[in-house]
Amino acid sequence: MSPATTAAVRLTGATKTFGDALVLDGIDLEVAPGEFLCLLGASGCGKSTLLNLLAGLDRPSSGQVSSGAGRPALMFQDHALFPWLTAGRNVELALQLAGTADRAERRAEAARLLGLVRLGDAYGKRVHTLSGGMRQRVALARALAQGSDLLLMDEPFAALDALTRDVLHEVLIGVWERRRPSVVFVTHDIREAVRLGTRVVLLSSRPGRIAREWRVGIPHPRRAEDATLLGLAREISRDLREEVCRHARD
Amino acid sequence: MPVTDLSPVRGEDVPPDFSSGADVLDSPTAPAVPTLFRRSVKRATAPVLAAVFVLSVWQLAALSGLFPRLPSPVAVLDELAKLLRDGILLPALGQSLGRAVTGFAAAVLLGVPLGLLVYRYGAVRTVLTPVLAAFQSLPAAALVPLAVVAFGESERSVYSVVLLGAVPSLSMGVVGALDQVPVLLRRAGRAMGATGLRAYRHVLVPAALPGLIATLRQGWTFGWRALMTAELITSTPLPGVGRILDTGKQEDSFALVMASVALILAIGVLVEAMVFRPVEKRVLYHRGLLV
Ligand SMILES: Nc1ncnc2c1ncn2[C@@H]1O[C@H](COP(=O)(O)OP(=O)(O)O)[C@@H](O)[C@H]1O
Ligand SMILES: [Mg+2]
């Protein structure tokens, strides 16, 4: 098998310009099957743009995107749930569009997925009656419902309080360990990146290039106070600060 | 008196369950739904008050002698009763409502697909948007002579006026409602595989539903106005409410004119209150857009 087909998704020399602005410049990135890749960078450096390329929602100005997995599942910072459906029906719709034809089967699976994100009793609730964290959990259940081997997440927990975020990290890692999808997790939070990822990729700003990357070999469950993790977080934050300062001088 | 009371101040309060995150605290609480009776009473209050107010002002104006020709509400009611006795009122109502419903249905069948085409195809949009906008601004009164010249004094000319009145507004409304669907929801749908027709069925149409309902309501209003204009100006073999209005004018009967205006107004208000408003409220309520 050629390496192009073993990657879940791969960018080769991808650039993206909006008008005159060069946002992404020559990105080479390969997401291996089953890896948990955290994409880290300052605000506005092009993380979402990169994720949209991986998702096939947008096309690169030059370079290539090749996808080995099927249709990736996507999760945004904003929940993007459909307000005309209940929590359960939102999940069911994803199942339906992914090809589960049987209604009863969809119901059961949607209920199971909501249980997985610890929202077992929210099935019949309308989106607007849920809190921000609950909405984001329904969105996670909906993304999982697609059963995709590639999960693309754009700062999905950025707007949540620390306690809720902790719970969702556990849920996400639990799902990842069981099903082993490839995950690309965009964040600007270094501690979140080292807590979750098996690989952390740092994106520079203006233009967005891959500045550095780290492998994180520590097995899950990871303790937040783990010395190696803390050391790594310090190192990454030094690099990130350098990136930001370099631009402040420009 | 005991100094230390160790029982909890607020009874059996259990601490909230944090096992699934601290945000259990900021979940919005669902408002209590009032009973059907209470809701009906509440909903009926404002219109009844408005009617009482209008009737009082009208009665006072009639009694004041400032407007010697103005008939009192009672005289107008008499006129309506006479129309009913003479067997004119109900057939005319039936004719007008029948035409309105048929015309509206036809306008929806034409206008909604046309709107979808305009929305979907850039070239169609470029060509048709100015045309539809122009037709939308054209008063029905200007269309009637055109229709009569083309089709004679017939049902066909009445219907063509209704269609020309309602279709442009329906089409433009559909386009507007679909244009306003948030990009994020479109992307979410696309990422889940809702493309092509499935995007319309699962994302675009449901997301645009409040706007689409407003569009239907406006289409109905435009159609109804156009119909009254057409019935007033042309004479079809089977008279509608607009014909009664015209008769009142011919006979110079203020009471008859007032009676038919009241009738036309009442139909508009009733359709609004019994069809469009409840549907709209339901849709908005389910999305948390109604407080
Ligand atoms: N559709 C667009 N049109 C023009 N500029 C855009 C568009 N999308 C993003 N940008 C610009 O590209 C840069 C990167 O945006 P984004 O990928 O959203 O950053 P991040 O997600 O890292 O915060 C920003 O400067 C933003 O203004
Ligand atoms: Mg972003």
Qualifying residue in the range A:191-199 (condition: crowded, with 23+ Cβ neighbours inside 10 Å, within 16 Å of ligand 1 (Cβ to nearest atom) and among the β-branched types (Val, Ile, Thr)) | no
Kindly indicate whether residue A:13 is on the phi > 0 side of the Ramachandran plot and away from ligand 2 (no atom under 16 Å from the Cβ).
-> yes
Residue match in the range A:193-203 (condition: modelled with pLDDT under 85, touching a Lys or Arg at 6+ places or on another chain (Cβ under 8 Å) and in the same structural domain as residue A:48 (by the TED database)) | no
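Here is a yes/no grid of residues against (1) assigned to a strand (DSSP E or B); (2) within 16 Å of ligand 2 (Cβ to nearest atom); (3) open to solvent by 60 Å² or more (accessible area, probe 1.4 Å):
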| site | (1), (2), (3) |
| --- | --- |
| A:157 | no, yes, no |
| A:170 | no, no, yes |
| A:173 | no, no, no |
| A:186 | yes, yes, no |
| A:213 | yes, no, yes |
| A:218 | no, no, no |
| A:225 | no, no, yes |
| A:230 | no, no, yes |
| A:233 | no, no, no |
Given B:190, B:243, which one is modelled with pLDDT of 90 or more, open to solvent by 40 Å² or more (accessible area, probe 1.4 Å) and more than 19 Å from residue B:105 (Cβ to Cβ)?
-> B:190
Counting only helices (runs of 4 or more DSSP H) entirely within the range B:112-200, those with at least 2 residues that are more than 14 Å from chain A (Cβ to nearest Cβ) and touching a Gly at 6+ places or on another chain (Cβ under 8 Å) are B:140-151, B:155-179
Of the residues that sit in the range A:36-62 and are within 22 Å of residue A:237 (Cα to Cα) and more than 8 Å from ligand 1 (Cβ to nearest atom), which one is farthest from the chain's Cα centre (by Cα)?
-> A:40
Taking the condition part of a helix (DSSP H, G or I), more than 16 Å from ligand 1 (Cβ to nearest atom) and among the hydrophobic types (A, V, I, L, M, F, W, C), does residue A:140 pass?
-> yes
Count of residues meeting criterion [within 15 Å of ligand 2 (Cβ to nearest atom), in contact (Cβ under 8 Å) with a residue 24 or more places away in the chain and in contact with a helix residue (DSSP H, G or I) (Cβ under 9 Å, 6 or more places away or on another chain)] in the range A:19-59 = 10
Leading residue by the ranking (farthest from residue A:135 (Cα to Cα)) among those in the range A:159-168 that are open to solvent by less than 20 Å² (accessible area, probe 1.4 Å) and of a type outside the set (Ser, Thr, Tyr) | A:167
Filtering the range A:121-155 for residues that are open to solvent by less than 20 Å² (accessible area, probe 1.4 Å) and at the interface with another protein chain (Cβ under 10 Å from one of its Cβ atoms) leaves a count of 13
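Out of all the residues in the range A:189-200, is one or more in a strand (DSSP E or B), under 30 Å from residue B:192 (Cβ atoms) and more than 16 Å from ligand 2 (Cβ to nearest atom)?
Yes, the range A:189-200 has at least one match.
The values are calculated or read from the model by the stated rules, or taken from the named source; none is laboratory data. Just so it is clear, the model here is predicted, and its values are computed rather than measured. With ideal geometry, Cβ positions are generated from the backbone for all residues, glycine too; neighbour counts draw on all protein chains shown. Surface accessibility is based on the protein's heavy atoms, side chains included, excluding ligands, DNA and RNA. Shrake-Rupley method; radii C 1.70, N 1.55, O 1.52, S 1.80 Å.
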